[in-house]
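**Q** First the structure, which I've put down as structure tokens, then a few questions once you've had a look.
A short reminder: the numbers here are calculations on the coordinates, not readings from a lab. It should be emphasised that the depicted structure is a prediction, and the values quoted were computed from it without experimental measurement. Reconstructed Cβ throughout: ideal geometry from the backbone, glycine too, with neighbour counts over all protein chains shown.
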Amino acid sequence: MKNVYDRVALLDDKGEAIITLPDWFEALNRASRFQLTQIGAFMPLYMADEIPGNRFRIAGGIPDEKVSWQVTGSRLFSDSRCGSAPRTCRRAASRF
């Protein structure tokens with residue numbers, strides 16, 4: 001199961017943005033994937049830092065331009081195997 005996080009960020013005067021993900025991101029996800037899309041101008045964007053402490057940094061942009069970003073993570077504890085009813089999931093979890 002995949003979790004998807006996305007937003008649009010405004011780059012600062014250095015052409016960078018620091019993105020803060022939810023507090024639970026690292027605990028809930030593994031194998032993160034990133035996508036960056038420039039808005040308004042071509043920019044050689046890149047990931048300057050990779051999610052230490054539920055944050056990452058985008059760099060290589062033009063000051064005051066926008067960047068659309070998306071992060072996906074594979075959920076560590078997929079409850080999709082538990083069925084759709086919460087009671088079923090609690091029963092399945094109690095077996096472990």
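**Q** Among VAL4, VAL71, which comes first, then next, by fewest other beta-carbon atoms within 10 Å? Mind showing how you got there, number by number?
**A** Values: VAL4 9, VAL71 21.
If I rank by nearby Cβ atoms, fewest first, I get VAL4, VAL71.
**Q** In addition: How would you rank GLU50, GLU65, going from fewest to most other Cβ atoms within 10 Å of each one's own Cβ?
**A** On the way: GLU50 10, GLU65 18.
Ascending Cβ contact count within 10 Å gives the list GLU50, GLU65.
**Q** Separation between the THR37 and ARG55 pseudo-spin-labels, each 7 Å from Cα along Cα→Cβ, expressed in nm?
**A** 2.7 nm
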